[in-house]
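Structure record follows, encoded as structure tokens.
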Amino acid sequence: KENILILGIETSCDETAAAVIRNGREVLSNVISSQIELHKLYGGVVPEIASRKHIEKINQVIEAALKEANVTLDEIDSIGVTYGPGLVGALLVGVAEAKAISYAKNIDLVGVHHISGHISANYIENLELQPPFMCLVVSGGHTHLLLVKDYGKYEIIGMTRDDAAGEAFDKVARAIGLGYPGGPKIDILSKEGNPNAIKFPRAHIEDNKYDFSFSGVKSAVLNYINSCQMKNIEINKADIAASFQNAVVEVLVNNAVHAVEEYQMDKLAIAGGVASNTSLRKAMKLACEENGIKLYHPSPIFCTDNAAMIGVAAYYEYINGTRHGLDLNAVPNLKF
Ligand code: KG4
Ligand code: ZN
């Protein structure tokens, strides 16, 4: 078939999203309805509110995605939907919707792993990118270093033992009063701060050098703020933000570059919300140039949660023959 059209659906957290993808790499539409303004009031994502909002928005978002792509459901070859990991109530809305459309319109259904989606976001604007390559996925819920052996085939090289990188950004941002989501705010504030002002710890994991840990650096920031308050010293938020970011970025860059070299890859891709961090991009670019590694990353809009990346991942599953039945269920702690 000449043109394969995938309708991607993503509702794993606080974004209700739908997209239409042609032949795996071309984004015909990418509609995202963000709930951030709602969750901001509570300082983080409230699962019950997320599910309710997804239910309210999902039909409009899908309609908008089809309209923008100028296609009808009858032309769609397959529906790709995130079925995990994520918030169970949020995932269920997307999965139930995808199954309903699949059944009513007799369209093939493909369940997609959310992290496979994040990785696949790199295929959108980097048409020459093909496996194998190393990928660092850094988001609010995940921090994984993976070897992408083939489309949809991954080997985990390292992962976080505790907090995800984005989670640490969000918690530190909250501690210095920046609000939710904190990552982008720390990114901006850091530009006014000194990244070497405060020496925060870089965790090294004994038994797997490619694993990460971010709870230590987060606690160190909280302790630093407390000790300043006890001594009545005014904190410099920009210096804290820049020094924290520097500590996180250094570990991410070191681990990723070492993994690329040890596994004798020549390509590194980064993905997930934190992959849009300007300091991480800059440091990673520099380290890759120094080591002869080709670096790939999606545009910021494809780094944070979206359905285009789910449609892309679904396309490669679809052409490899993956099909899911109407017994597809949401799996909140879905493993690879
Ligand atoms: O990929 P994503 O939208 O959702 C998950 O799958 O988790 O990632 C959201 C995370 C949040 O923790 C947010 O603070 C972080 O990505 N983030 C950033 C930046 N933009 C988003 N962190 C650091 N710098 C940024 N510019
Ligand atoms: Zn995500």
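Within the stretch 323-333, is there a residue that is crowded, with 19+ Cβ neighbours inside 10 Å and either more than 16 Å from ligand 1 (Cβ to nearest atom) or within 29 Å of GLU10 (Cα to Cα) (or both)? First the steps, then the outcome.
Kept after step one, since they are crowded, with 19+ Cβ neighbours inside 10 Å, are these residues of the stretch 323-333: 324, 330.
This time we only want the ones that are either more than 16 Å from ligand 1 (Cβ to nearest atom) or within 29 Å of GLU10 (Cα to Cα) (or both), so: 324, 330.
For the stretch 323-333, residues crowded, with 19+ Cβ neighbours inside 10 Å and either more than 16 Å from ligand 1 (Cβ to nearest atom) or within 29 Å of GLU10 (Cα to Cα) (or both): present.
I'm told TYR151 meets every condition in (1) under 22 Å from VAL81 (Cα atoms); (2) of a type in the set (Phe, Trp, Tyr); (3) in contact with a strand residue (DSSP E or B) (Cβ under 9 Å, 6 or more places away or on another chain) except one. Can you identify the failing condition by its number?
Result: TYR151 passes all but (3).
Being among the small types (Gly, Ala, Ser), in contact with a Pro (Cβ under 8 Å, 6 or more places away or on another chain) and either assigned by TED's automatic domain parsing to the domain that holds ILE107 or modelled with pLDDT under 95 (or both) narrows it down to one of SER12, SER51, so name that one. Spell out the reasoning first.
Values: SER51 fails: in contact with a Pro (Cβ under 8 Å, 6 or more places away or on another chain).
On inspection, the qualifying residue turns out to be SER12.
Select from the stretch 112-133 the residues that are closer than 17 Å to LEU295 by Cβ and within 10 Å of the chain's Cα centre (by Cα) and write down the one among them that is farthest from ligand 1 (Cβ to nearest atom).
Top of the filtered list is ILE119.
Residue-by-condition table, conditions (1) under 21 Å from GLU125 (Cα atoms); (2) modelled with pLDDT of 95 or more; (3) not assigned by TED's automatic domain parsing to the domain that holds SER139:
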{"position": "LEU38", "(1), (2), (3)": "no, no, yes"}
{"position": "ALA64", "(1), (2), (3)": "no, yes, yes"}
{"position": "ALA69", "(1), (2), (3)": "yes, yes, yes"}
{"position": "THR72", "(1), (2), (3)": "no, yes, yes"}
{"position": "LEU92", "(1), (2), (3)": "no, yes, yes"}
{"position": "LYS99", "(1), (2), (3)": "no, yes, yes"}
{"position": "ALA104", "(1), (2), (3)": "no, yes, yes"}
{"position": "ILE107", "(1), (2), (3)": "no, yes, yes"}
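Between a first residue in the stretch 322-336 that is farther than 12 Å from TYR83 by Cα and a second residue that is surrounded by 12 or more Cβ atoms within 10 Å (Cβ to Cβ) and among the acidic types (Asp, Glu), which pairs have beta carbons less than 6 Å apart while being 6 or more apart in sequence or on different chains?
Listed by first residue and then by second, the contacts come to ARG323/ASP108.
Could you tell me whether TYR83 is within 16 Å of ligand 1 (Cβ to nearest atom), among the hydroxyl-bearing types (Ser, Thr, Tyr) and part of a strand (DSSP E or B)?
Yes: the conditions hold for TYR83.
For the stretch 163-220: of the residues being among the hydroxyl-bearing types (Ser, Thr, Tyr) and touching a helix residue (DSSP H, G or I) at 6+ places or on another chain (Cβ under 6 Å), which is nearest to GLY140 (Cα to Cα)? Break it down into steps so the answer makes sense when it comes.
Residues of the stretch 163-220 among the hydroxyl-bearing types (Ser, Thr, Tyr): 180, 190, 210, 213, 215, 219.
Subset that is touching a helix residue (DSSP H, G or I) at 6+ places or on another chain (Cβ under 6 Å): 180, 190, 210.
Values: TYR180: 12, SER190: 19, TYR210: 19 Å.
Here the answer is TYR180.
Quick one: which of VAL260, VAL312, VAL274, VAL253 is in contact with an Asp or Glu (Cβ under 8 Å, 6 or more places away or on another chain) and either assigned by TED's automatic domain parsing to the domain that holds GLY84 or crowded, with 19+ Cβ neighbours inside 10 Å (or both)?
Numbers: VAL312 fails: in contact with an Asp or Glu (Cβ under 8 Å, 6 or more places away or on another chain); VAL274 fails: in contact with an Asp or Glu (Cβ under 8 Å, 6 or more places away or on another chain); VAL253 fails: in contact with an Asp or Glu (Cβ under 8 Å, 6 or more places away or on another chain).
On inspection, the qualifying residue turns out to be VAL260.
Yes/no per residue for (1) out of contact with any helix residue (DSSP H, G or I) (no Cβ under 7 Å at 6 or more places or on another chain); (2) closer than 19 Å to TYR123 by Cβ; (3) within 16 Å of ligand 2 (Cβ to nearest atom):
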site	(1), (2), (3)
ALA275	no, yes, yes
SER279	no, no, no
LYS282	yes, no, no
LYS285	yes, no, no
SER299	no, yes, yes
ASN306	yes, yes, yes
MET309	no, yes, yes
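Being touching a helix residue (DSSP H, G or I) at 6+ places or on another chain (Cβ under 6 Å), charged (D, E, K, R), touching a residue at least 24 places away in the same chain (Cβ under 8 Å) and buried (at least 18 other Cβ atoms within 10 Å of the Cβ), is that true of even one residue in the stretch 44-56?
No - not one qualifying residue is present in the stretch 44-56.
The values are calculated or read from the model by the stated rules, or taken from the named source; none is laboratory data. Bear in mind the structure is a predicted one, so any value in this text is a computation, not a measurement. Because the Cβ atoms are built from the backbone with ideal geometry, glycine has one as well, and the counts that use them run over all protein chains shown.
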